[in-house]
Amino acid sequence: MMIRRALAIAVILAGLAVPAMGQARNQQKQSALDRQLQQIATLVFQEKEKFRGVSASVEDGIVTLSGTVELFIDKENAEKRVRKVKNVDGVRNHIQIAGKQVSDLELRETLANKLRYDRVGYGIAFNNLTVGVENGAVTIGGKVRDYPDRSSAIAIIETTPGVKNVVDEIDVAPVSLFDDDLRVRLARAIYSQPSLQRYALDPQAPIRIVVENGQVELAGVVLNKGDRQIAYAQASSVPGVFSVKNNLMVASEVTE
């Protein structure tokens, strides 16, 4: 009996040892893989001057990025580069933006001016964007006609010095031939109206015309209340328009 019991215990212990040994081997393999991934990530960042301030550590296939870069777009691109490395399971991006320090007010004005003239020649009259800045974090919202317009706006923000983070809240209008036709007819009705033709000379398209499912929103800044009312009347007269929301502001009221 004693011999049988001893053998049974030995078998049990041997069965427990096999998984433990397998687990140890897996841990060794993962540690070796982590070291290899860290070496690769280090080489990836050494290739570009703008990434020389970035370092990477790896644990269980998760890469943690730290250090500094000049622009927000560099932080984003550093993460993209690491995610392309084989066997990387995830990335924690703790990179800090160490470029030019800009006040929130100055940064907002800079971005607003850039976005106001973005996509000139590509139908900017049909986009209306909003920008908010808090501690260098930029929130961009509003509505645009298509995804290239959205991508262009975000690219402007990501490459502007002083931006620490980007929150994308842009609404892209659904694809609609009906709305596309309506946009063209609305622009003609508004910008070709004699008293409003002066706005057509401004490349920033001061009167923005946002269309979604036949619903129209007018946004931007005009010189006086009369122009605001005329723009609304012209938009309302276009066949196929279901409703018009007049959010045009008067310049004198904006600066008060």
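The values are calculated or read from the model by the stated rules, or taken from the named source; none is laboratory data. Just so it is clear, the model here is predicted, and its values are computed rather than measured. All Cβ positions, even for glycine, are placed from backbone atoms using ideal geometry, and neighbour counts span all protein chains on display. Protein only, heavy atoms only, side chains kept; ligands, DNA and RNA dropped before computing areas. Shrake-Rupley method; radii C 1.70, N 1.55, O 1.52, S 1.80 Å.
Screening Ser243, Ser152, Ser252 for residues that are polar (S, T, N, Q) and modelled with pLDDT under 95 leaves exactly one candidate, Ser252. In summary, Gly226 fulfils each of the numbered conditions (1) crowded, with 16+ Cβ neighbours inside 10 Å; (2) without any contact (Cβ under 8 Å) to a residue 60 or more places away in the chain with the single exception of condition (1). The residues of segment 36-84 that are farther than 29 Å from Thr139 by Cα and either in contact with a strand residue (DSSP E or B) (Cβ under 8 Å, 6 or more places away or on another chain) or open to solvent by less than 20 Å² (accessible area, probe 1.4 Å) (or both), listed by number, are Leu37, Gln38, Ala41, Thr42, Ser57, Val58, Gly61.
Among the residues of segment 116-166, those that are within 29 Å of Asn213 (Cα to Cα), within 12 Å of the chain's Cα centre (by Cα) and of a type in the set (Gly, Ala, Ser) comprise Gly141, Ser151, Ser152, Ala153, Ala155.
Which one of these is in contact with a strand residue (DSSP E or B) (Cβ under 9 Å, 6 or more places away or on another chain), crowded, with 17+ Cβ neighbours inside 10 Å and over 22 Å from Gly141 (Cβ atoms): Ala231, Ala219?
Working: Ala219 fails: over 22 Å from Gly141 (Cβ atoms).
Result: Ala231 is the single residue among Ala231, Ala219 that is in contact with a strand residue (DSSP E or B) (Cβ under 9 Å, 6 or more places away or on another chain), crowded, with 17+ Cβ neighbours inside 10 Å and over 22 Å from Gly141 (Cβ atoms).
The single condition from (1) surrounded by 13 or more Cβ atoms within 10 Å (Cβ to Cβ); (2) modelled with pLDDT of 95 or more that Glu169 fails is (1).
Residues that are β-branched (Val, Ile, Thr), in contact with a Leu (Cβ under 8 Å, 6 or more places away or on another chain) and either open to solvent by 20 Å² or more (accessible area, probe 1.4 Å) or without any contact (Cβ under 8 Å) to a residue 60 or more places away in the chain (or both) within segment 174-216 comprise Ile190, Val216, listed in sequence order. For first residues located in segment 41-60 and without any contact (Cβ under 8 Å) to a residue 60 or more places away in the chain and within 21 Å of Pro161 (Cα to Cα), partners that are loosely packed, with under 12 Cβ neighbours inside 10 Å and polar (S, T, N, Q) and lie 6+ apart or on another chain with Cβ distances below 9 Å form the pairs Arg52/Gln46. Selection over segment 105-138 of residues that are open to solvent by 50 Å² or more (accessible area, probe 1.4 Å), more than 18 Å from Arg150 (Cα to Cα) and in contact with an Asp or Glu (Cβ under 9 Å, 6 or more places away or on another chain) gives a count of 2. Taking the conditions (1) open to solvent by less than 30 Å² (accessible area, probe 1.4 Å); (2) at negative phi; (3) not hydrophobic (A, V, I, L, M, F, W, C) in turn, Gly162 satisfies each one other than (2).
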